[in-house]
Amino acid sequence: NLLKTLNSTLPTMYTLVKTHKVPEGVDIASKALEELKVRPIVSCSGSPTEKLASLATKIITPLLNHIPCHLQNIHHHLQLLRALKPADIKGLSFYTADVCALFTNVNVERSIEYVVELASEHWHEIITFGLQPVDLHRIMDVVLNNSFFTFNGRLFQQIYGAFMGCSVSPPCAIITVYMLEKESVYVDQFYITSPLRQLYVRYVDDSGGLAHSEEEAIANCRYISERDVDGRIRWDVEFPKEGNCIPFLDTEIRIGPNGDVSTRYYRKPQNKGITLNHNSHHELSMKQAVARNYYRTAEEVSSGPAELQHSLLIVDDVLTQNNYPAPRTFKEERTPGTKKTKN
């Protein structure tokens with residue numbers, strides 16, 4: 001009975017405008033709807049398969065701990081970068097790569113097979129609620145292949161890919177890409193001679209690695225894509241210009257000629273800087289916590305004094321836009337690149 005959904009409703013699709021795809025300085029309201037790039041989200045809240053999806057998610061999410069490139073949080077890559085010796089990464093650059101429309105380009109049947117394969121390898125290390133791999137396969141088949149949803153009062157079925165909005169889709173997509181990586185960049189004869197052995201990380205569909213040149217970075221991603229028999233997994237690669245930083249998640253990264261790593265806070269130029277406004281009716285303590293967290297993040301991601309000043313100016317601007325008086329009064333003094341420790 002715990003897995004039965006009473007009074008269920010069909011999933012509903014809505015769209016979110018990709019504001020970061022709108023050129024800086026262009027008013028979104030001035031653009032025609034057809035010109036806007038949107039992200040389709042299918043809300044599965046209250047759907048017939050919601051509880052089954054939740055069960056599958058609880059079983060397979062711990063498998064991400066067995067994916068060597070998986071980032072546990074958006075700043076984990078900084079810990080890994082700072083642990084590298086400058087002599088080992090001298091002459092290398094940090095590049096980024098984004099999987100194009102990952103969720104809607106995964107082959108659901110193949111993805112289920114990948115998940116069950118990885119789960120079977122670690123079945124006795126995860127909580128399975130008394131189920132067997134064949135049961136997990138059946139559950140995921142029901143959840144991912146009953147891809148019906150409504151939009152504008154009409155009924156549709158997604159015929160390829162996984163819902164962005166279904167709880168099991170993110171771990172499923174992460175594992176799918178890992179199985180392609182496992183058959184390519186983690187193969188011994190490639191891995192032991194590649195700069196990726198020093199650092200290769202991925203946060204869902206955003207990956208980062210080390211390479212000598214842009215051509216090498218593109219070749220790395222192409223090598224992974226070639227393992228996708230459906231030919232739908234493709235990457236957009238960004239390689240830094242000489243001496244420039246490159247954005248990754250909410251940080252900017254630069255590796256100097258001598259292998260020294262510089263990192264600082266980053267916000268996309270199109271970011272509207274909207275956060276909890278100081279004039280809102282929330283508790284003052286909540287607004288103070290928001291400001292402190294911004295400054296704490298700026299300090300943790302900054303590698304030195306110059307990078308810290310750059311990061312603090314970004315935070316100053318965000319908080320000033322949201323009517324915080326004298327924003328730096330909320331800042332806690334700490335050494336750049338360090339975390340607050342508990343007593």
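The values are calculated or read from the model by the stated rules, or taken from the named source; none is laboratory data. No experiment lies behind these values; they were computed from the predicted model shown. When we count neighbours, we look across all protein chains shown, and the Cβ atoms used for this are built from the backbone with ideal geometry, even at glycine. Just the protein is used for accessible areas: all its heavy atoms, side chains included, with ligands, DNA and RNA removed. Shrake-Rupley method; radii C 1.70, N 1.55, O 1.52, S 1.80 Å.
Observations on the structure shown:
- Only one residue of 46, 172, 244 has its Cα farthest out toward the positive end of the dipole of the chain, where Lys and Arg carry +1 and Asp and Glu -1 on Cβ, and that residue is 46.
- Packing rank of 21-33, 252-264, where each peptide gets the mean count of other beta carbons within 10 Å, highest leading: 252-264, 21-33
- For the range 70-194, a crude dipole built from +1 on the beta carbon of Lys and Arg and -1 on the beta carbon of Asp and Glu, taken about the Cα centre, is about 460 debye to the nearest 20.
- The 3J(HN,Hα) values that the Karplus relation (6.51, -1.76, 1.60; θ = phi - 60°) gives for the range 5-13 are, in residue order, 9, 8, 6, 6, 10, 5, x, 10, 9 Hz. Gly and Pro appear as x.
- When the listed pairs 21/182; 31/272; 37/272; 18/182; 241/268; 18/268 are checked against a 20 Å cut-off, the alpha-carbon distance exceeds it for 21/182; 18/182.
- In sequence order, calculated HN-Hα J values of the range 306-316 (Karplus, 6.51, -1.76, 1.60; Hz; x Gly/Pro): 5, 5, 5, 4, 4, 5, 5, 5, 5, 5, 3
- In the context of the full set of protein chains, residues of the range 1-76 present 62 Å² of accessible surface per residue (probe radius 1.4 Å, heavy atoms only).
- Here the chain has 52 percent of its accessible surface on carbon and sulfur atoms, given a 1.4 Å probe and all protein chains in place.
- Rg over Rh [alpha-carbon atoms, Kirkwood Rh] for the range 1-76: 1.14
- Between residue 134 and residue 329, the distance separating the two model label sites (each 7 Å from Cα on the Cα→Cβ line) works out to 6.8 nm.
- Rg/Rh for the range 1-157, where both radii come from Cα atoms and Rh is the Kirkwood radius: 1.05
- Inter-label distance for residue 151 and residue 101, nm, one decimal - labels placed 7 Å from Cα along Cα-to-Cβ: 1.1
- Spatial extent of the chain: Rg and Dmax, with the Cα atoms as the point set, Å: 22.2, 63
- Rg/Rh (Cα only; Kirkwood hydrodynamic radius) as it applies to the range 137-296: 1.06
- Exposure rank, largest accessible area first [45, 302; 1.4 Å]: 45, 302
- Excluding same-chain neighbours fewer than eight residues apart, the lysines reachable from residue 331 by a Cα-Cα span under 18 Å are 287, 339, 340, 342.
- Between residue 260 and residue 73, the FRET efficiency from the beta-carbon distance, with R0 = 22 Å, is close to 0.35.
- Extent along the principal axes, Cα only, for the range 64-147: 50, 31, 18 Å, with the longest axis given first.
- Applying 0.36 nm per residue to the separation of residue 14 and residue 310 and subtracting their alpha-carbon distance, the gain on full extension is 102.9 nm.
- Between the amide H of residue 234 and those of 100, distances stay under 5 Å, these residues lying 5 or more places away or on another chain, with hydrogens modeled in the peptide plane.
- Within-11-Å neighbourhood charge of residue 254 [Cβ basis; K, R +1; D, E -1]: -2
- Residue-normalised accessible area of the range 140-227, expressed per residue, 1.4 Å probe, Å²: 44
- Charged-residue dipole, Cβ positions (Lys, Arg, Asp, Glu), the chain about Cα centre, Debye nearest 20: 1000
- Approximate spin-label separation residue 187-residue 238, in nm, with each point projected 7 Å along Cα-to-Cβ: 3.0
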